[in-house]
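Below is one structure, written out as structure tokens; comments come after it.
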Amino acid sequence: MSETAKSLAFHGAVVALLVALHFALPAYHHGNLARIMVLAVYAMGFNVLFGYSGLLSLGHAMFFAAGMYGLGLPMQHLGLAAAPALLCGVLAALALGAAVGFLALRTTGVAFMIVTLMFSQAVFLTILYFGEYTRGDEGFVIAQASRAIAGVDLSDSANRYFAALAIFAVGLAVTLRLIHTPFGRVLIAIRENEERTRMLGYDVFAHKLGAVVASAALSGLSGAAYALLFGYAGATFASVQYSIFPLLWVLLGGAGTIIGPFIGTVFMFYLIDISSGLTSAYMLIAGAVLVALTLFARQGLVGELRRRVMPWLP
């Protein structure tokens, strides 16, 4: 079996396992897994930029929030239906990605990190400033009656789970396809040696901009889906905290791996969930585990699996 066939079979098996878990998990973990799958798409978007392009953004929450408010505000104030609102959320994040990328990519290294952080803070403060519409820190609830597509009530737990699974499968397929295209291969080349890639005649700026836009679109899809499936949009999701989360998820799972962002999201979610049930100082436990993983699994969980056992994993 070729490496491509092995990869497709492996990722297809992951999706099949998630389908099976719908019928096996108790209600609490069923709801958690739906949330994790949506957030994993956000991590996948971050991974396109960081893991495959070598660009570290510290302001990725702005794209997640753009998708969330791009969906939530038209539904809340204009009465837009869920399906076109979902598209609006993705387009809002895509447009923001193009604008931010065009400006931020004129810097490199630490400067790029700081510029993305500044843009993200500007988005966060804009949400607070227009609190009359966004409800600021308090946020707003999206009415249950409006959370339906083609007559399917997405507030129902089973429908919500399969909608989250569908969005996760789309994110998985898009990133898997992306890295096997010439565009994706150039992104990896830029990550490994930008100057050599430029000397070979590739337009490095255009490819980086494409990576920012693709990353923003995936992150925006996650933000819009989160608001739609869980019925809430709030300024917290545009804060620095939500820019750090995808970095942790990707590092834990394995930067530059397809399934790594999902594994990292699952691990981090349940690490905090379990440790918070043991002690009020749960972040101390979480921090110790994260430090240990950083020391002994430097390529992340999936990265180490690829290095030691499954070298064909993309």
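Amide H to amide H distances under 5 Å link residue 233 with 140, 142, where only residues 5 or more positions off or on other chains count and H is placed in the peptide plane. With Cα atoms defining each centre, the range 103-140 and the range 144-166 are spaced 30 Å apart in the structure.
The range 257-291 and the range 1-75 have Cα centres separated by 17 Å.
Dipole check for the chain: with +1 at the C-beta of Lys and Arg, -1 at the C-beta of Asp and Glu, and the Cα centre as origin, the magnitude is about 680 Debye. Dipole check for the range 23-155: with +1 at the C-beta of Lys and Arg, -1 at the C-beta of Asp and Glu, and the Cα centre as origin, the magnitude is about 220 Debye.
Look at 270, 161 and count the other Cβ atoms within 10 Å of each Cβ; fewest to most, that gives 270, 161. For residue 176, the shell of other residues with beta-carbons less than 13 Å away shows a net charge of +1, using +1 for Lys and Arg and -1 for Asp and Glu.
Helix by helix, which DSSP H runs in the chain go 27 Å or more along their axis at the Cα atoms and have an average Kyte-Doolittle hydropathy of -1.0 or more? Intermediate values should be presented prior to the final figure.
Details: long enough: 3-24 (31 Å, 1.30); 27-50 (34 Å, 0.99); 82-104 (32 Å, 2.17); 109-129 (30 Å, 1.97); 157-179 (33 Å, 1.45); 204-230 (39 Å, 1.47).
Span-like helices, by this rule, are 3-24, 27-50, 82-104, 109-129, 157-179, 204-230.
The order of the peptides 95-104, 216-225, 276-285 by mean Cβ neighbours within 10 Å, most packed first, is 216-225, 95-104, 276-285.
Listing 232, 129, 69 from fewest to most neighbouring C-beta atoms within 10 Å gives 129, 232, 69.
The alpha-carbon atoms of the range 3-238 define a convex hull whose volume equals 124 cubic angstrom per residue. Charge tally around residue 49: other residues with Cβ under 14 Å, Lys/Arg +1 each, Asp/Glu -1 each, net +2.
Since every read-out is calculated from the coordinates, none of them should be taken as a lab result. For clarity, every value in this text was computed on a predicted model and none was experimentally measured. For neighbour counting, all protein chains shown are included, and Cβ atoms are generated from backbone atoms with ideal geometry for every residue, glycine included.
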